[in-house]
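For reference, the structure is listed below as structure tokens.
The values are calculated or read from the model by the stated rules, or taken from the named source; none is laboratory data. Keep in mind that what you see is a predicted model, and the values were worked out from it rather than measured. With ideal geometry, Cβ positions are generated from the backbone for all residues, glycine too; neighbour counts draw on all protein chains shown.
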2 protein chains.
Amino acid sequence: MIDVHAVAEDRLRRLGQRYTAQRRALVSMLVSAGQPLSLPEVLQAEAGLKQSSVYRNLAALEQAGVVQRVVTDDGYGRYEPAEDLTGHHHHLVCSRCGKVRDVDLPGSLERTLDRTLDAIAGRAGFAQVSHRLDLVGMCALCAGRAQ
Amino acid sequence: MIDVHAVAEDRLRRLGQRYTAQRRALVSMLVSAGQPLSLPEVLQAEAGLKQSSVYRNLAALEQAGVVQRVVTDDGYGRYEPAEDLTGHHHHLVCSRCGKVRDVDLPGSLERTLDRTLDAIAGRAGFAQVSHRLDLVGMCALCAGRAQ
DNA sequence: CTTCCTGCAAAAGTTTTGCATTAAC
DNA sequence: GTTAATGCAAAACTTTTGCAGGAAG
């Protein structure tokens, strides 16, 4: 188990930035959430956080490679820990309410994907390729509320 | 080869809407683009288009199932023809300039994906699941301009 | 002639920024 | 003490909406 906070602090310091209490709190929140959080969710989760500071801190953490921004179609950007901190995974997105949930794929499928996608990207002249695979559907709750 | 305009007109009419010249132009543009276009790209591609009308028409076309909105992380939403009009495909996204390009996967991989993802989604209580797989990397142009 | 579409301007919603103050090193 | 982070308010940017005039059926 790696020490997320130690890594975060180190990566920020390399950029001349500080690992303040608020940044630590954000990292803790995102790690324990187990799913990407939108700004309103972050603000609601911890009272006293100020909108502009959260945006600035998430941007700083993203630049340092501690968190990454993921984009859904519910208007808000969402943030989650960087992949090398919590491992490669995918998202199950509800097309109705926008809720996102982390899921894993079988290792064999991941390997097949990686091999195939690398080849395709290479043919198109793309470098440093990663993939982003989301399952989009309707969650049980929204399916209940009819169409 | 299906007649995209006939399908578009039919789907709009079912909702009591009209297939106007502007909507036809938008559909033509998106079909021939071969990649999802952002609003600035649409406006630039054809002079005389008005921003609010384009947003409204794309929303109408989306509701009718003629086009779909895809989301990248360059700030703008992008639109492309609905999957049943141009076929299932994926996107190669440049993480630097935001450019998007359509790509296909081998049929065997698509089938494996579908089977596996259906099972995963079912376990999580999700219904009507489709997948969205993007390759994210750096395009040749951006790679040229150094890091 | 009724219903929908268009265009302008204004509003809404998310994210960014300027600036003065406070905290970290 | 110097540099960076914070909070407030204001701005920027994408998208949506109200309303009056015009086009389609």
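I'd like to check something: does segment A:105-120 contain any residue that is touching a residue at least 60 places away in the same chain (Cβ under 8 Å) and not polar (S, T, N, Q)? Walk me through how you get there before you give the answer.
Step one: of segment A:105-120, the residues touching a residue at least 60 places away in the same chain (Cβ under 8 Å) are none.
No: zero hits.
A single member of A:GLY77, A:GLY125 is more than 16 Å from DNA strand D (Cβ to nearest atom), among the small types (Gly, Ala, Ser), under 29 Å from B:HIS89 (Cα atoms) and touching a helix residue (DSSP H, G or I) at 6+ places or on another chain (Cβ under 9 Å), and it is A:GLY125. Taken over segment A:54-76, the criterion of being in contact (Cβ under 8 Å) with a residue 24 or more places away in the chain and farther than 28 Å from B:ARG123 by Cβ is satisfied by A:VAL54, A:ASN57, A:LEU58, A:ALA60, A:LEU61, A:GLN63, A:ALA64, A:GLY65, A:VAL66.
Residues that are within 14 Å of another protein chain (Cβ to nearest Cβ), within 28 Å of A:GLY122 (Cβ to Cβ), touching a Phe, Trp or Tyr at 6+ places or on another chain (Cβ under 8 Å) and surrounded by 18 or more Cβ atoms within 10 Å (Cβ to Cβ) occur in segment B:88-106; there is at least one.
Among the residues in segment A:34-42, are any part of a strand (DSSP E or B), polar (S, T, N, Q), out of contact with any His (no Cβ under 8 Å at 6 or more places or on another chain) and buried (at least 17 other Cβ atoms within 10 Å of the Cβ)? Show your work before the answer.
Start the filter on segment A:34-42 by keeping residues that are part of a strand (DSSP E or B), which leaves A:37-38.
So of that shortlist, the ones also polar (S, T, N, Q) come out as A:38.
If we keep only those that are out of contact with any His (no Cβ under 8 Å at 6 or more places or on another chain) as well, we get A:38.
Within this subset, residues satisfying the condition of being buried (at least 17 other Cβ atoms within 10 Å of the Cβ) are A:38.
Taking every residue of segment A:34-42 in turn, at least one turns out to be part of a strand (DSSP E or B), polar (S, T, N, Q), out of contact with any His (no Cβ under 8 Å at 6 or more places or on another chain) and buried (at least 17 other Cβ atoms within 10 Å of the Cβ).
Here the condition is being touching a Lys or Arg at 6+ places or on another chain (Cβ under 7 Å) and either within 15 Å of DNA strand D (Cβ to nearest atom) or of a type in the set (Ser, Thr, Tyr) (or both); of A:VAL66, A:VAL70, A:VAL42, it holds for A:VAL66 alone.
Kindly indicate the residue of segment B:1-39 that is within 14 Å of another protein chain (Cβ to nearest Cβ) and more than 10 Å from DNA strand D (Cβ to nearest atom) and also modelled with the lowest pLDDT among those meeting that condition.
B:GLY34
State all residues of segment A:18-32 that are under 21 Å from A:THR86 (Cβ atoms) and outside any helix (DSSP H, G or I); if no residue qualifies, say none. Show your work before the answer.
Here is the first cut: in segment A:18-32, the ones under 21 Å from A:THR86 (Cβ atoms) are A:19, A:22-32.
Result: A:TYR19, single match.
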